[in-house]
Each structure stands twice: as structure tokens, then as C-alpha cells.
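In what follows, a structure is listed as C-alpha cells, so that the remarks can point back to it.
The values are calculated or read from the model by the stated rules, or taken from the named source; none is laboratory data. Bear in mind that the values here come from a model prediction, so they are computed numbers and not experimental data. Glycine also receives a Cβ, built like all others from the backbone with ideal geometry; neighbour counts cover every protein chain displayed. Please note that ligands, DNA and RNA were not included when accessible areas were found on the heavy atoms of the full protein model with its side chains. Shrake-Rupley method; radii C 1.70, N 1.55, O 1.52, S 1.80 Å.
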Amino acid sequence: EDLAKKVLKAKDDARTASFMGSPLIRLFTGPPLDDPEDRAREIRCFQEICDHAEECGIVVGLQNHPSTGDDMLRILRQTDRENFTVIMDTGQWLGSPARNKGQADPDVDTYRYMEQVAPHTSHVRAKFYKIDSGVEAWLDYERIVRILRDAGFNGHLSGVFEGKEVNTCDDRTSLRLAVAHLRDILR
């Protein structure tokens with residue numbers, strides 16, 4: 001019942017996006033599923049949403065919130081729709097510092113996940129958490145930008161500040177530092 005409501009909401013979002021002239025809606029993966037029946041239902045839902053969104057002229061972006069690279073690629077491959085793309089959230093992978101109060105899981109290589117999905121990515125949500133030094137402390141943006149460049153990424157990138165409780169400076173200063181840091185690396 002909950003899943004059916006989410007599908008209807010996504011379809012409504014596609015119609016609204018079309019009306020507003022927005023090219024894309026965003027869906028989240030949720031944690032990886034183990035049960036084959038749950039996985040099959042997940043794919044059917046993504047396909048149904050993509051089919052409806054295509055009728056509206058809308059792209060559906062799948063955001064890794066929370067997921068792994070393997071799971072993102074599985075969903076992308078099995079959904080198999082032209083209007084299905086990846087929105088890479090740099091800070092919300094399973095095992096990432098943002099999901100573990102600033103500590104990366106030492107057994108998880110989230111940068112490998114980014115390498116896996118970068119060739120399929122059309123939009124990047126560049127998350128910033130601990131930036132008061134002028135350099136993002138939880139994520140290595142030099143490495144992330146290199147991954148995107150190596151994959152030939154030519155999509156949109158948006159900065160997202162989520163470090164309200166971990167910085168010694170105010171939010172405005174943190175945001176300015178994040179923008180300056182990202183611009184410096186992108187040069």
C-alpha cells in the first residue's frame with residue numbers, strides 16, 4: 001500500500017514537472033533489497049514510473065540515497081528505460097561519513113561506488129558537511145571531480161550544505177567556503 005502511494009506520487013510529480021517545464025524528477029533507491037520478489041517489485045515500480053514520465057516528457061533520476069554502486073547499476077540495468085538516469089549524491093552512499101556521523105566505514109569504498117555510476121550520471125548533488133577550514137573534510141572533492149572528469153561527466157552539479165551542526169562558522173560562511181572550494185577544484 002505504501003509503495004503504491006509512492007508510485008502515484010512520482011507519477012503526479014512527473015505531471016507537475018512537465019507543467020512547470022522541469023526536465024527531471026528525483027527518486028530514491030532506499031537500502032539494497034535481498035529478497036528477489038522485493039527486487040522484482042522495485043523494478044516494476046521504477047518501470048511504471050519511467051513509462052508514465054516518458055509520456056510527460058520527463059526524465060527520472062535515481063538518487064543513491066542510501067545505496068551501493070552495484071545496486072544502482074543493477075536497478076538502472078534492470079529498469080532499462082531511456083529516460084532513467086543517475087543522480088549522484090556524493091554524501092549519501094551506504095558507508096559514507098554523512099551516514100555515520102563523520103566517520104567513513106573503513107570496509108566500504110564509496111569512491112568506488114562513484115566510479116561505477118559516474119558514466120551514467122546526469123546530475124551531481126555535491127554535499128558539504130565539514131567545511132570550516134575551507135576544504136571539505138568528510139569528502140575528497142579533488143578525487144570526486146577527477147572521477148567525474150574521467151567518466152566524461154557533462155551534466156549539472158549542485159552544491160548542498162548539510163553541515164549545520166559540525167562547523168565552527170555560521171551557515172552563510174560555510175556555504176561561501178563550500179562554493180569557493182568547489183570552484184577552485186573545478187578550475
Cβ-Cβ below 8 Å, separation at least six or inter-chain, first residue in segment 174-187 and more than 14 Å from Val145 (Cα to Cα) and of a type in the set (S, T, N, Q), second outside any helix (DSSP H, G or I) and open to solvent by less than 60 Å² (accessible area, probe 1.4 Å): which pairs? Ser174/Phe128; Ser174/Ile131; Ser174/Asp132; Ser174/Phe161; Ser174/Gly163; Ser174/Asn167
Segment 59-87 - residue that is touching a residue at least 60 places away in the same chain (Cβ under 8 Å) and of a type in the set (A, V, I, L, M, F, W, C) and, of those, surrounded by the most Cβ atoms within 10 Å (Cβ to Cβ): Ile87
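How many residues are under 14 Å from the mean Cα position of the chain (by Cα), closer than 15 Å to Val86 by Cβ and not aliphatic (A, V, I, L, M) when one looks only at segment 124-152? Before you say what the answer is, go through the steps one by one.
Filtering segment 124-152 for residues under 14 Å from the mean Cα position of the chain (by Cα) gives 124-128, 144, 148.
If we keep only those that are closer than 15 Å to Val86 by Cβ as well, we get 124-126, 144, 148.
Imposing the further condition that a residue be not aliphatic (A, V, I, L, M) reduces the set to 125.
Total satisfying the criteria: 1.
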Taking segment 8-48 and keeping only residues that are of a type in the set (Gly, Ala, Ser), surrounded by 13 or more Cβ atoms within 10 Å (Cβ to Cβ) and assigned to a helix (DSSP H, G or I), one is left with Ala10, Ala14, Ala17, Ser18
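Would you pick out the residues in segment 1-37 that are charged (D, E, K, R) and under 12 Å from Ile49 (Cβ atoms)? Let's see the steps before the verdict.
Our first condition is that a residue be charged (D, E, K, R); within segment 1-37, this holds for 1-2, 5-6, 9, 11-13, 15, 26, 34-35, 37.
Lys6, Lys9, Lys11, Asp12, Asp13, Arg15, Arg26 - these are the residues of segment 1-37 that are charged (D, E, K, R) and under 12 Å from Ile49 (Cβ atoms).
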